[in-house]
Every structure is written in structure tokens, then in C-alpha cells.
1. I need the calculated FRET efficiency for the pair residue 66 and residue 265, taking r as the beta carbon distance and R₀ as 35 Å, to the nearest 0.05.
2. Can you report the principal axis dimensions of region 47-139 using only the alpha carbons, biggest first, rounded to whole angstrom?
3. May I ask you to order 292-300, 83-91, 218-226 by the average number of other C-beta atoms within 10 Å around their residues, highest value first?
4. Under a point spin-label approximation (7 Å from Cα along Cα-to-Cβ), what is the residue 313-residue 258 distance to one decimal in nm?
5. Provide, for q = 0.14, 0.15, 0.20 Å⁻¹, the log10 of I(q)/I(0) from a solvent-free Debye sum over equal Cα point scatterers in region 173-338.
6. Can you tell me the relative contact order of region 238-340? Whole percent, Cα pairs under 8 Å, sequence separation 6 or more.
7. Using a 7 Å offset from the Cα along the Cα-to-Cβ direction at both residue 202 and residue 297, what is the distance between the two label points in nm, to one decimal?
8. Subtracting the Cα-Cα distance from 0.36 nm times the residue separation, let me have the gained length for residue 323 to residue 118 in nm, one decimal.
Ligand SMILES: [Zn+2]
């Protein structure tokens, strides 16, 4: 939506009454969701101007040809024009149903400018104007061009899918062994072999078969086993204490993965921090397997030692420029990451 556009004025007049100090919540929601700071201009990207007679379309400053704005394509001609803020409708006239352009210049055009004018005319003549019919908007995300809540939802879902794609792309760049990254990928997609997933696939049936082997208090799902189980929670708390960070942990996997890098400023730092994330989930999973298959005991300290050692050795082996000693890594991991 454009500031100062007719739509904007109507909406402001209707929902942003000057007699009231607060605009309506409907208006606040709409302006928030349409703002560039919000969802990446998803609304603006999906509306297109439908040119009819050109009454509400700025000739130079709107992208009415769907080829970019003329002011950007032909800045030299724009500066010579005396019709800089004209609507398309005022840039010419009709004679017997035929449209004629009537461009006005500050001075007669010179040779190079006349050459430019030829391509300019080819561009503007690709449009068809409709006498007596008003310009309108069309919503490109729906086949019939009408805005609907469900089509807007689909657009936003598409962005979420794209965002997830970006998240998962980062995963493969983390400098950790490929089997641990594959495990991380399965966790982020909830495709690892937890007891809950085995129950869903009808491999396990009985209630006692699907219980968490670490706390025996809940079904063993990915998010329980790796994040909310008291054992996992203690491991994460000890990890963040080691990193010198106080945080509230998201319960779902993706949020956890993203929040983990909240203290990082660069891509290298993020990848370094994610090495720790992968080593934590991998270490919890390995510990769980040791308990099930080798009858080990639940031991948070042992897991923390392994997390520190694994993350350090992976970074040493796979990250160029990481030359921290194990001792320094154990004492000041956040400082080592900040140096990445
Ligand atoms: Zn548990």
C-alpha cells in the first residue's frame, strides 16, 4: 500500500478518526501487517494496478507497465518533463476512441534524447487505455483477482515455507560431522526414531513402550526428549551457564534452533554456536541410547563434558581459523565464538 494513495486516505478517514486519540485496532493490525518491517512487503508484492483510463496511476512514478517505474528507466526524460506528477490520464487525450500521448518538455529534445524517446514510446505504447473506465487493483494471489483471507494465508504460509528452507540450508553449513547434521535434520523435521514416532508408525503399541526412558513421566517425542525432559532441561541449563547466557528455552525444536544463535552477530559466529546446539542434541541422544542399550546411568555432568569436547573437536577439525585450546574453550566458549 502506498502512503498518500486513495486507499490509504479512505482507510485513514474511516478508521483513524482525528477526534479520537487512538486509531481502531483493525487499522493498527492492517498497517502493522502491511508494513515493510512486518512480513517482507507480502501485501504490496501481491497487489497489482489494473490500468483502465489512468485516472489513479502516476505516469512516471507508478509501475503501471509492469516493467519498472518510468522515472527509474528514463531519468533523463523525467527531468526534462514538465508533467512529473501527472496521472496517466492527464498525459494525453482521446480522439474518436483513439488515445494520443501529449508529452510536454522543458525544452526541445536533442538528438540523443530523441533516440531515447523512441524506446520510451515503444514501452508506453505496450499499454492499452480504456476510456471512461476507472483504474483498479487486483490481488494476484487469487485466480479471480479478489483479495480473500484464505489467499493471504497461503501467501504467508509460502513465506514460512521459504523461511524454513533458509533455516534448513544453514544446518548443512554447520561444521560438524555429517551423521550428526543428518540427525539434526531429522530432529528439525521430527523424523528421528523417538518412541512417539515409532508408535505413530505402529512399531510400538503399549503405553509403557513409548514412555521417555530418562524420566519415565512423558511420551518420548523429539521435543520432550531433547528439550523439555528434566534431564534435557538440566543439560541445556548447564550448557547456557557454561556459555554465560541466561535464557528462556522455547519448547518447540525450530524455535530452539533459532534462539540458540541470538547472541551471535555474524554468520561464522552463528555456525560456531550451532555446532554447540548440534553437539547438545547429539550428546543427549547418544546418552539416551547408552541408557537403553548399555544400561548406563543418567549423568548430566558426563554429558556436559562430552558436549564441550565434541563441539571443540568439530570446530578444530572443520572450521578454518578456530585455534582455541580445549582448556580455553571450556573456560570461555562465548569469547571464542565472538572471535570467529
Ligand atoms: Zn523425559
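1. The value I calculate is 0.35.
2. 39, 32, 21
3. So the peptides 292-300, 83-91, 218-226, ranked by packing, come out 218-226, 83-91, 292-300.
4. Spacing of the two 7 Å Cα→Cβ label points: 3.4 nm.
5. Taken in order of the listed q values, log10 I(q)/I(0) reads -0.71, -0.81, -1.38.
6. 33 percent
7. 4.2 nm
8. Gain in length upon complete extension: 67.5 nm.
Every number in this text was worked out from the coordinates using simple rules, so none of it is lab data. Here the structure is a predicted model, which means the values were calculated and not measured. All Cβ positions, even for glycine, are placed from backbone atoms using ideal geometry, and neighbour counts span all protein chains on display.
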